[in-house]
Amino acid sequence: MRKAVIFDLDGTLTQSEEGIWASVKYAAEKLGFPEPDAPTLRKFIGPPLGYSFREYLGMDDATADKAVETYRERYNVVGLFENRVFPGVRRLMRTLKREGWYIGIATGKPQKTSERVVAHFGLDKFVDKLCGPTAGHQADKVALIQSALPADWDYQNDEAWMVGDRKFDVEGAIGAGVKSIGVGYGYGSEEELRTAGCTHYCATVEEMIDFLCPGVTPPEGAFLSMEGLDGSGKGTQIRLLTDALDRFGFELVLSREPGGCPISEKLRDIILDKNNAEMDDITEALLYAASRAQHVREVIRPAIKAGKVMFSDRFVDSSVAYQGGGRQLGVQKILDINAPAVDGTMPMATIYLDVDHETSLKRRAAATELDRLELAGDSFHARVEAGYRELIRRTPERFIVVDATRTPEEIGKEVAEKVLARLMEAE
Ligand code: TMP
């Protein structure tokens, strides 16, 4: 018996309202119709566009056709990327693929546009076949579902599910002779889906994973870290990268070092306390390693195991640069101290925000209150920078080095592109 899942796209794999609503408003305005309110806009996701313009904005056939054309003027250029993958969907697709399921997409969105959306988000590698309406051929959902399945599908003996968020998907499934899962996180209501006769209802993606792949361990997630001198702009870049990864449906666990869990946060307070001026360099290095040991076991490994993207603000490279370089304990001694803490768990990619120590000093001087490490002299930070450069020289393939002297947006764009490429390659 073969197993297949055919997904609807909008409202099931992607949360596409941002681009759709903006483009509906654009078309309405261009044709002299009043701006549709939120409940009306909501109804546009799922049904064929022409139907929605007629039903919900009261257009006649000719005006509705013109509206579809106007909508596409904007949607096909910018609207289709104003979109996000629902959290958990990547994990669901990766899990299904690994478990040997056939994955199709049957969508009311034109085939070409749908292909661009799916490729943009790097979901195309999971999809065996995508079917949407093609030029001059307005296939209905039944035909789309059937053509998204392999041509030799055995409707009696093979197992196929259509997954969608609107009654159109459920009705299509019934017409096509396959079972259906109605999903409650999209644009339809539970009542709509149940009334249409869905075989099964899942309120969340998580429920769907449990339903389709019960007891299955998810594929491993990934581990990323971000590094840089104090004042390199990590805070802003972490926020920007978090947003970008979120949009692509990567489920992030954001954490920091020193810290990240209660025991390690207590150690952080001790390490960074300005009153601990007498702290010996070796004590400092061991406390960072101790905080890391707990963080690796309590946060980092469980997140990777659960299929999430673990993102740590600093990791062992900070110790090598700050304690090895800055405190002059030497690279090897710091690697030795950290070996039992890290115990083989290393980031697949480390973003290094590249600013030299003079620039970072100027930026720090503008900050309000400095901690114990930030108060260390400039020659200290020159050695930290040298420590980072040495690390990058040793393992260039792990580092994503970006020029962090540009505007936050420019830096953020480059970081997001490079990190997304690595994450998608590793899926
Ligand atoms: P943060 O300001 O980025 O939170 O980092 C706290 C300070 O601790 C920062 O000055 C860098 C320093 N640090 C080390 O010296 N060694 C380490 O292993 C880590 C993680 C941070």
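The values are calculated or read from the model by the stated rules, or taken from the named source; none is laboratory data. Here the structure is a predicted model, which means the values were calculated and not measured. We place every Cβ from the backbone using ideal geometry, glycine too, and count neighbours over all the protein chains shown. Side chains are part of the model used for accessible areas, which takes the heavy atoms of the whole protein and leaves out ligands, DNA and RNA. Shrake-Rupley method; radii C 1.70, N 1.55, O 1.52, S 1.80 Å.
Numbers at a glance
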item: Cα-based shape type of the range 222-426, given that a ≥ b ≥ c are square roots of the gyration tensor eigenvalues and the cut on a/c is 1.5; result: oblate
item: 19 Å Cα-Cα reach of Lys141 towards lysines, excluding residues that sit fewer than 8 places from it in its own chain; result: Lys43, Lys109, Lys112, Lys129, Lys167, Lys179
item: Sum of -39500 (n - 2.57) over DSSP H runs of 4+, divided by residues of the chain (222 nm, nearest 500); result: -14500 deg cm²/dmol
item: Three-way shape label, the range 17-81, alpha-carbon gyration tensor, a/c 1.5; result: rounded
item: Kirkwood hydrodynamic radius of the range 279-361, Cα pairs, Å; result: 13.8 Å
item: Net lengthening on full extension, Val78/Glu265 (0.36 nm per residue, minus Cα-Cα); result: 63.0 nm
item: Above-threshold pairs, the threshold being 32 Å between Cα atoms, out of Lys3/Lys308; Lys305/Lys413; Lys30/Lys125; result: Lys30/Lys125
item: Accessible area of the chain belonging to carbon and sulfur atoms, whole % at 1.4 Å probe; result: 52 percent
item: DSSP bridge pairs, the chain: antiparallel proportion in percent, nearest 5; result: 5 percent
item: Alpha carbon centroid spacing (whole Å) that separates the range 64-122 from the range 304-350; result: 38 Å
item: Label-to-label distance, nm, for residues given as Asp246 and Asp140 (7 Å Cα→Cβ offset); result: 4.1 nm
item: Residues Lys418 and Thr40, FRET efficiency given R0 of 45 Å [Cβ-Cβ distance, rounded to 0.05]; result: 0.65
item: The chain - percent relative contact order, Cα under 8 Å, separation 6 or more; result: 15 percent
item: Leading residue at positive end of dipole, the chain (Cβ point charges), from Gly184, Val142, Gly19; result: Val142
item: Computed E for Lys333/Glu298 - FRET, C-beta separation, R0 22 angstrom, nearest 0.05; result: 0.30
item: Size of electric dipole in the range 222-426: Cβ of Lys, Arg +1 and of Asp, Glu -1, about Cα centre, debye, nearest 20; result: 420 debye
item: Per-pair calculated FRET efficiency, R0 = 41 Å: Glu390 and Asp124 via Cβ, rounded to 0.05; result: 0.55
